[in-house]
Amino acid sequence: MTGQPGMSFSVALLGKGGAGVITAGDMLLAAAARCGLYGLMIRAVGPQIRGGESAALVRLSSVPVECLDDRFDVVLGIDWKQAEQLLSEIAVDADSIVVTDPAEDAVPHSIAASGAVLRQLEMKELAESVSGGRVNMVALGYVAGLAGISQEAIRHAIEKNIGRKGRQAVDVSVAAAMLGFSRSQRSAAPQTGGGQAGNRWMISGNHATGLGALRGGVRFAAAYPITPATEILEWLAPRLKDAGGTLTQAEDELASINMAIGASYGGVPSLTATSGPGLSLMIEGLGLAVCAEIPLVVVNVMRAGPSTGIPTKPEQSDFNAAIYGLHGDAPHIVVAPNSVTDCVYTTQWAVHLAEATQAPVIVLSDQFIGQAIVVADPVPAISFFTKRKVAEEIPEAFERYAITADGISPMPLPGTAGGQYTADGLEHSAAAKPSGIASDHSAQLDKRARKIADFDYGQHWADIEGAGELAILTWGSTASVVREALQRLPDKVTGRLKLITLRLLLPVRQEDMAAALDGVNRLLVIEQNHTGQLYRFLRAWYDLPADVDTVHRPGPGVFRPGEIATRIDAWCGE
Amino acid sequence: MVRRMSVAAPCKLKASDYKSGTKPVWCPGCGDFHVLASLTKAIAALALVPENLAVVSGIGCSSRIPAYLNCYGFHGVHGRALPLATGLKVARPDLTVICAGGDGDGFSIGGNHLLHACRRNVDITYVVMDNEIYGMTKGQPSPTTAPDWDSELAPGGTGVSPFHPLVIALASGANFVARTFAGDVKGTTRTLAEAIGHPGFSFVQILSPCVTFRPDQREWKNKVHPPPVTFTTDPAQAARRVMTDDGFNIGVLYKGSRDIYGQAVERNAEFERDLDAEFLV
């Protein structure tokens, strides 16, 4: 369980592109980490490539946090030029502090009307008083001061972030930050100093996904850029090279998935990463990997759809595409990380599953999880016994697609003498010869279904917390919000509640679910999409309690814990 | 079943040893039989070890070729043979990778991949059996079909100019460009062996008649002729030559010496520890 009400401190830094609010947010998070705090940051941007308004939404806490709070304690505008669109996701109230520069335009009407306390800070003037000083550093010092972060930690964060630019640049930035710091007063922020410097990680979900892939053994990636998945590929590019692997930029997503399939056919664990439109293009390739039995991981960082949709905002609306998008009867695996840090684990698990079952695995991350940066405890390495069942010695009458009890057939890798076969998207016999014969088709369909259905997924299929006759079922980034919402509810409510967060979306785990739902008489399904895609899937495939409700709404705004707590409270009282 | 070979002491194999024994789906008289013969002869001439050779294809009559060979093969989806071959070769540079297919697979649905495979210059050989038609779907015009060729799908002809694969390959940076005629088994064998041996992306267009839907292509054997001059290392000269010829010059047109994409790197032993350290605040 993460976060506790009242212990966290949320800051929004706004400014036009180039003002450096994202850099300031990064440094604020790093400085807080050095003081022993946890935290999270997301960047909110307008549609402009450069020069539009952007905001760093930072939340600091004395305990781990994996979602935004409902409101902001401090909103600092370096300017308010095009802030209106962003302000819809930055709630302020009479307890909030709004910091504005008297040299800039007045605060937008929505903020002025909130009753928030207005504070003037001559950011521009202060910055100009230091030769080469920048406004964002003044802003950093000021909000860090409000958050009770030490000057040493601020200095360290600046050093770490821009140290490569040289001593002079660091000194100038520190001087500007200290001017901001000197104007601030400590507000009701979480206590700092509880932790030890150097024992926290600062990591985004997309980088965590890359780390999980490398830990899982991925040594080939094919890349076609797409928001919001690109950082996975950019992070992997130099690190794969260091690991003796390769990343190849493809001409499109049709190429990237087929490159990954080709590399994996060669025996190298392979991955590609994309978002909705790219997933649509990759669907045919996924079917090929199913039929030819090629291990493959496809990370889909979901954004609001359909079509181009809202590329910079999250939505859990590719569920149906990931589950049902493939033509034919095409058994495959779909998993979903349920927090930023869980991206490490779930992606590593995905590689394990792909390699072990010789099948494609789709990882459904989303824009929130992918692009949020958290300060968290280090994610320990987990070892799976990940080994593809490879045919090293080829017996006489070897059959590549032999019908086996567990449905998994030894796979010869190119270079293995006597194992020559043609992997095929055509239906084939056990001996890998093209076949339109009914018995071959049914035997191969059964085998491919069996290896996915009968695989031992252990306890990883879901995270189950709490106990009671009421259950909430959720997945992905919504899970972190639900966890925090539950902490805000009184014990008399939460004492009756069990939280089931599905990590394994496909294949269905009817027996595991039956055990998890034992004694549960009401179920609430919570997800972020327009049609309740998971809810309808559950109704089709699982035996559920008679009383099942659904909370679902589309993006672009992420769920907030207050919103979910209200819905859960109302549902419990029904 | 496939033959068993010894890795330690590969014996010199005959061309027929590189055939899997599976009976092709091709029509009697199809040019692709000659391509299969030429390819196995070329592989035998190069003494390639079957398990270290992979032939990758997409969809179409000619794309069936991997299953007829005694080597590793991949019969993928329509148009994506080149990305499949690219991924395999980049991940496994120790293998010899040949990509094969037809004009619809390579120039229409997979056309974009041809441009980028030429640009990228991965060390693979791409063999296109060009019969100017979609044969597997029973006779529709392809990107290399003449504009006035009458068909059910395009009555009276498409009215669309044919695609010029060799010019496109040259312009996109292919490192070896040649045209052969399937019926000229000797010449095709020689050219394929040279293409496979040439570093980088080698592109070989093989005029391979479809006697079923294009019986007029039986005349190709009388039309083809060797080029008046030998190959060049100047892509501009090669492009001018091929744009002004009659389409029936056969032989090697161009040989380049561009850098090859995707050389494997040594694994860094310190690797895992470095990864964790970079996230520490």
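Which of the residues belonging to the stretch B:259-281 are assigned to a loop (DSSP other than H, G, I, E, B), open to solvent by 90 Å² or more (accessible area, probe 1.4 Å) and either at pLDDT 95 or above or more than 8 Å from chain A (Cβ to nearest Cβ) (or both)?
Selection gives B:Asp259, B:Gln263, B:Ala269.
Determine if the stretch A:236-254 includes at least one residue that is under 20 Å from A:His332 (Cα atoms), of a type outside the set (D, E, K, R) and at pLDDT 95 or above.
Within the stretch A:236-254, one or more residues are under 20 Å from A:His332 (Cα atoms), of a type outside the set (D, E, K, R) and at pLDDT 95 or above.
Scan the stretch B:214-257 residue by residue and report those that are aromatic (Phe, Trp, Tyr) and either closer than 30 Å to B:Lys138 by Cα or in contact with an Asp or Glu (Cβ under 9 Å, 6 or more places away or on another chain) (or both).
Selection gives B:Trp220, B:Phe248, B:Tyr254.
What are the pairs with Cβ atoms under 8 angstrom where one residue, in the stretch A:239-263, is touching a residue at least 24 places away in the same chain (Cβ under 8 Å) and under 13 Å from B:Gly110 (Cα atoms) and the other, located anywhere, is open to solvent by 30 Å² or more (accessible area, probe 1.4 Å) and among the polar types (S, T, N, Q)? Sequence gap at least six, or different chains.
Taking only residues 6 or more apart or on different chains, the pairs are A:Glu251/B:Asn112; A:Asp252/B:Asn112; A:Ala255/B:Asn112.
Within the stretch A:480-490, is there a residue that is open to solvent by 30 Å² or more (accessible area, probe 1.4 Å), out of contact with any His (no Cβ under 9 Å at 6 or more places or on another chain) and of a type in the set (Asp, Glu)?
There is no residue in the stretch A:480-490 that is open to solvent by 30 Å² or more (accessible area, probe 1.4 Å), out of contact with any His (no Cβ under 9 Å at 6 or more places or on another chain) and of a type in the set (Asp, Glu).
Condition check: under 14 Å from A:Gly212 (Cβ atoms), in contact with an Asp or Glu (Cβ under 8 Å, 6 or more places away or on another chain) and hydrophobic (A, V, I, L, M, F, W, C). Does A:Val301 satisfy that?
On the way: under 14 Å from A:Gly212 (Cβ atoms): yes; in contact with an Asp or Glu (Cβ under 8 Å, 6 or more places away or on another chain): yes; hydrophobic (A, V, I, L, M, F, W, C): yes.
Yes: the conditions hold for A:Val301.
What residue, among those in the stretch A:402-428 that are among the small types (Gly, Ala, Ser), within 27 Å of B:Ala85 (Cβ to Cβ) and more than 11 Å from chain B (Cβ to nearest Cβ), is surrounded by the fewest Cβ atoms within 10 Å (Cβ to Cβ)?
A:Ala402
Select from the stretch B:93-106 the residues that are open to solvent by 10 Å² or more (accessible area, probe 1.4 Å) and either assigned to a helix (DSSP H, G or I) or closer than 18 Å to A:Ala223 by Cα (or both) and list them in ascending order.
none
Being under 14 Å from the mean Cα position of the chain (by Cα), in contact (Cβ under 8 Å) with a residue 60 or more places away in the chain, within 11 Å of chain B (Cβ to nearest Cβ) and over 16 Å from A:Arg59 (Cβ atoms) is the filter here; which residues of the stretch A:199-209 pass it?
Matches in the stretch A:199-209: A:Ala208 only.
For B:Ala47, which of the numbered conditions (1) more than 7 Å from chain A (Cβ to nearest Cβ); (2) touching a residue at least 40 places away in the same chain (Cβ under 8 Å); (3) out of contact with any helix residue (DSSP H, G or I) (no Cβ under 6 Å at 6 or more places or on another chain) fails to hold?
Here B:Ala47 meets the rest and fails (2).
Name the residues in the stretch B:140-184 that are assigned to a strand (DSSP E or B) and of a type outside the set (Gly, Ala, Ser), would you? If you could, list the steps in order and put the result at the bottom.
Step one: filter the stretch B:140-184 for residues assigned to a strand (DSSP E or B), giving B:140, B:176-181.
Answer for the stretch B:140-184, where residues must be assigned to a strand (DSSP E or B) and of a type outside the set (Gly, Ala, Ser): B:Gln140, B:Phe176, B:Val177, B:Arg179, B:Thr180, B:Phe181.
Just give me the residues in the stretch A:304-339 being among the hydroxyl-bearing types (Ser, Thr, Tyr) and assigned to a loop (DSSP other than H, G, I, E, B), in sequence order.
Step one: list which residues in the stretch A:304-339 are among the hydroxyl-bearing types (Ser, Thr, Tyr), which gives A:307-308, A:312, A:317, A:324, A:339.
Residues satisfying the conditions are A:Ser307, A:Thr308, A:Thr312, A:Ser317, A:Ser339.
Being within 28 Å of A:Met202 (Cα to Cα), among the aliphatic types (A, V, I, L, M) and touching a Lys or Arg at 6+ places or on another chain (Cβ under 7 Å) narrows it down to one of A:Ala175, A:Ala153, A:Ala169, so name that one.
Selected residue: A:Ala153, the only one of A:Ala175, A:Ala153, A:Ala169 that is within 28 Å of A:Met202 (Cα to Cα), among the aliphatic types (A, V, I, L, M) and touching a Lys or Arg at 6+ places or on another chain (Cβ under 7 Å).
Which residues, counting only those in the stretch B:36-63, are in a helix (DSSP H, G or I) and open to solvent by 30 Å² or more (accessible area, probe 1.4 Å)?
B:Lys41, B:Ala45, B:Asn52 - these are the residues of the stretch B:36-63 that are in a helix (DSSP H, G or I) and open to solvent by 30 Å² or more (accessible area, probe 1.4 Å).
Tell me which residues, restricted to the stretch B:22-44, are of a type in the set (Lys, Arg) and without any contact (Cβ under 8 Å) to a residue 60 or more places away in the chain.
Of everything in the stretch B:22-44, just one residue is of a type in the set (Lys, Arg) and without any contact (Cβ under 8 Å) to a residue 60 or more places away in the chain, namely B:Lys23.
Restricting the search to the stretch B:20-35, which residues are open to solvent by 10 Å² or more (accessible area, probe 1.4 Å), touching a helix residue (DSSP H, G or I) at 6+ places or on another chain (Cβ under 6 Å) and not in a loop (DSSP other than H, G, I, E, B)?
Of everything in the stretch B:20-35, just one residue is open to solvent by 10 Å² or more (accessible area, probe 1.4 Å), touching a helix residue (DSSP H, G or I) at 6+ places or on another chain (Cβ under 6 Å) and not in a loop (DSSP other than H, G, I, E, B), namely B:His34.
Pairs please, first residue from the stretch B:162-179 and among the β-branched types (Val, Ile, Thr), second anywhere and assigned to a strand (DSSP E or B), Cβ atoms under 6 Å, 6+ apart in sequence or on different chains.
B:Val177/B:Phe203; B:Val177/B:Leu253; B:Val177/B:Tyr254
Scan the stretch A:54-84 for residues that are of a type outside the set (D, E, K, R), open to solvent by less than 10 Å² (accessible area, probe 1.4 Å) and under 26 Å from A:Cys343 (Cβ atoms) and jot them down.
Let us first name the residues in the stretch A:54-84 that are of a type outside the set (D, E, K, R), namely A:54-58, A:60-65, A:67-68, A:72, A:74-78, A:80, A:82-83.
Adding the requirement that they be open to solvent by less than 10 Å² (accessible area, probe 1.4 Å) leaves A:55-58, A:60-61, A:65, A:67-68, A:72, A:74-77, A:83.
Listed by number, the residues that qualify are A:Ala55, A:Ala56, A:Leu57, A:Val58, A:Leu60, A:Ser61, A:Val65, A:Cys67, A:Leu68, A:Phe72.
Mind listing whichever residues of the stretch B:72-93 are more than 7 Å from every other protein chain (Cβ to nearest Cβ) and closer than 20 Å to A:Thr416 by Cβ?
B:Lys89, B:Pro93
For the stretch A:273-289, how many residues are within 15 Å of B:Gly76 (Cβ to Cβ) and open to solvent by less than 10 Å² (accessible area, probe 1.4 Å)?
Qualifying residue count, the stretch A:273-289: 5.
Here are some residues: B:Ala239, B:Ala182, B:Ala174, B:Ala169. Which one is over 23 Å from B:Ala100 (Cβ atoms) and open to solvent by less than 50 Å² (accessible area, probe 1.4 Å)?
Details: B:Ala182 fails: over 23 Å from B:Ala100 (Cβ atoms); B:Ala174 fails: over 23 Å from B:Ala100 (Cβ atoms); B:Ala169 fails: over 23 Å from B:Ala100 (Cβ atoms).
When all the criteria are applied, what remains is B:Ala239.
Name, by its number, the condition in (1) of a type in the set (Ser, Thr, Tyr); (2) surrounded by 20 or more Cβ atoms within 10 Å (Cβ to Cβ); (3) within 30 Å of B:Gly73 (Cα to Cα) that does not hold for A:Tyr345.
(3)
Do the conditions hold for A:Leu146, that is, is it within 19 Å of A:Ser96 (Cα to Cα), open to solvent by 30 Å² or more (accessible area, probe 1.4 Å) and of a type outside the set (Asp, Glu)?
no
For residues that are part of a loop (DSSP other than H, G, I, E, B) and in contact with a Lys or Arg (Cβ under 6 Å, 6 or more places away or on another chain), tally how many sit in the stretch A:94-120.
Summing the residues that are part of a loop (DSSP other than H, G, I, E, B) and in contact with a Lys or Arg (Cβ under 6 Å, 6 or more places away or on another chain) in the stretch A:94-120 gives 2.
Determine, yes or no, whether B:Pro83 is buried (at least 24 other Cβ atoms within 10 Å of the Cβ) and over 22 Å from B:Gly183 (Cα atoms).
yes
Taking B:Gly111 as meeting all but one of (1) surrounded by fewer than 24 Cβ atoms within 10 Å (Cβ to Cβ); (2) touching a helix residue (DSSP H, G or I) at 6+ places or on another chain (Cβ under 8 Å); (3) not hydrophobic (A, V, I, L, M, F, W, C), write down the number of the exception.
Here B:Gly111 meets the rest and fails (2).
In the stretch A:230-256, what residues are more than 8 Å from chain B (Cβ to nearest Cβ) and of a type in the set (A, V, I, L, M, F, W, C)?
Answer for the stretch A:230-256, where residues must be more than 8 Å from chain B (Cβ to nearest Cβ) and of a type in the set (A, V, I, L, M, F, W, C): A:Ile232, A:Leu233, A:Trp235, A:Leu236, A:Ala237, A:Leu240, A:Leu247.
The values are calculated or read from the model by the stated rules, or taken from the named source; none is laboratory data. Because the structure is a prediction, the values reported are computed rather than measured. Backbone-built Cβ (ideal geometry, glycine too); neighbour counts: all protein chains shown. In case anyone asks, the SASA skips ligands and DNA or RNA and just uses the protein heavy atoms, side chains included. Shrake-Rupley method; radii C 1.70, N 1.55, O 1.52, S 1.80 Å.
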